[in-house]
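Quick notes on the structure that follows.
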Amino acid sequence: MNHHVDFPGMHPDEQILLLRRKHWSVVAHKLLRYLGLALVPPLVFLALNLFGVRYEIDADNLSGVLLALGLSIYLLVLWMMFFHDWLDYYLDALIVTTERIVRIEQRGLFNRVVADLTLDRVQDVTVETKGFVQTFLHYGSLHIQSAAERERFVFSDIPEPELVKAEILKHVRRETDVGPPPVSSTAKTTNTP
Amino acid sequence: MDIPAFAILIVYGAVLLVVIVFSFFNVYHVLRFGMHTTAAYSMSAIYVVVVALIVIGTWLTLGGVDWGGSFTVELPDISLDFGTR
């Protein structure tokens, strides 16, 4: 149990059993992209040096000042965009508590969706692992079917979805206590590269 | 043509203001919705420090500029001859 973590809207007597964010690879590839873009200016300078074109940022002329300020703005915007993407990743969470399953989805700034499903309404839990990368890195999607006809919960890129499914079903059985256990199914789609 | 140096600084300042406003909103979201974890606080601190380093680095690089002065830009002299026929 994660006693040191709470989330907005958490009930006083509610306890968090499990908290999952998306797999680290989701933010890692974005980090690599921004890192690559940040390396473009020094690589351009290096390439120009190799071809004999030498340029130094000189505060005495307009081009030097514009270059320095432009580079500063470029790096600031890149860093801000990466932090925004990280925030978007970090604030998405799947939380299983003693009472319910909560899915928090941050969709940009000032746009946040929090959906919850009480444990006694869980009907079916499906895990989907698709492709070489997901299989190798042990992450995939979790589909939770509620008593309503419409599928409500889909949480993608979740690490170790099988363990999450098992944890959910364990507490669903404990919550319902009577009748047959809910159906669990695993769908694995492997595309041969 | 003379371009006042402070005009360029004003443009940079305007962009910096936009960055600061968006940064404030981003950090606000992390601190409010980030579930009070060490990762949330650490990442917010790292973000603010890197922004500060970039701004300070720019200020140090351009510390020798006389922002009260101006830059002279020499435009090429283009003359169009509309000679009579």
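The values are calculated or read from the model by the stated rules, or taken from the named source; none is laboratory data. On a predicted model such as this, the values are computed, not experimentally measured, just so you know. Note: ideal-geometry Cβ built from the backbone for every residue, glycine included; neighbour counts use all protein chains shown. Side chains are part of the model used for accessible areas, which takes the heavy atoms of the whole protein and leaves out ligands, DNA and RNA. Shrake-Rupley method; radii C 1.70, N 1.55, O 1.52, S 1.80 Å.
Here is how the numbers come out for the structure above:
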{"quantity": "Given (1) within 8 Å of chain A (Cβ to nearest Cβ); (2) surrounded by 14 or more Cβ atoms within 10 Å (Cβ to Cβ), index of the condition B:Val27 fails", "calculated": "(1)"}
{"quantity": "Residue list for the stretch A:107-156, restricted to those being touching a residue at least 12 places away in the same chain (Cβ under 8 Å), aromatic (Phe, Trp, Tyr) and exposed (fewer than 13 other Cβ atoms within 10 Å of the Cβ)", "calculated": "A:Phe132"}
{"quantity": "Considering residues of the stretch A:71-100 that are under 25 Å from A:Pro161 (Cβ atoms) and of a type in the set (S, T, N, Q) only, the residue modelled with the lowest pLDDT", "calculated": "A:Thr98"}
{"quantity": "Some residue of the stretch B:63-85 being at pLDDT 85 or above and more than 9 Å from chain A (Cβ to nearest Cβ)", "calculated": "no"}
{"quantity": "Among the candidates A:Arg33, A:Arg54, A:Arg103, residue that is at pLDDT 90 or above and open to solvent by 50 Å² or more (accessible area, probe 1.4 Å)", "calculated": "A:Arg33"}
{"quantity": "Restricting the stretch B:11-24 to residues that are closer than 20 Å to A:Leu87 by Cα and open to solvent by 30 Å² or more (accessible area, probe 1.4 Å), the residue that is nearest to the other protein chains (Cβ to nearest Cβ)", "calculated": "B:Phe22"}
{"quantity": "Any hit, the stretch B:26-37, residues being of a type in the set (A, V, I, L, M, F, W, C), part of a helix (DSSP H, G or I), at pLDDT 90 or above and closer than 19 Å to A:Met81 by Cα", "calculated": "no"}
{"quantity": "Count - residues of the stretch B:47-58 that are within 9 Å of chain A (Cβ to nearest Cβ) and among the hydrophobic types (A, V, I, L, M, F, W, C)", "calculated": "4"}
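One line per residue, one yes/no per condition, for (1) of a type outside the set (Phe, Trp, Tyr); (2) within 23 Å of B:Thr37 (Cα to Cα):
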{"site": "A:Tyr90", "(1), (2)": "no, yes"}
{"site": "A:Arg100", "(1), (2)": "yes, yes"}
{"site": "A:Leu117", "(1), (2)": "yes, no"}
{"site": "A:Val122", "(1), (2)": "yes, no"}
{"site": "A:Thr135", "(1), (2)": "yes, no"}
{"site": "A:His143", "(1), (2)": "yes, no"}
{"site": "A:Ala147", "(1), (2)": "yes, no"}
{"site": "A:Val154", "(1), (2)": "yes, no"}
{"site": "A:Val172", "(1), (2)": "yes, no"}
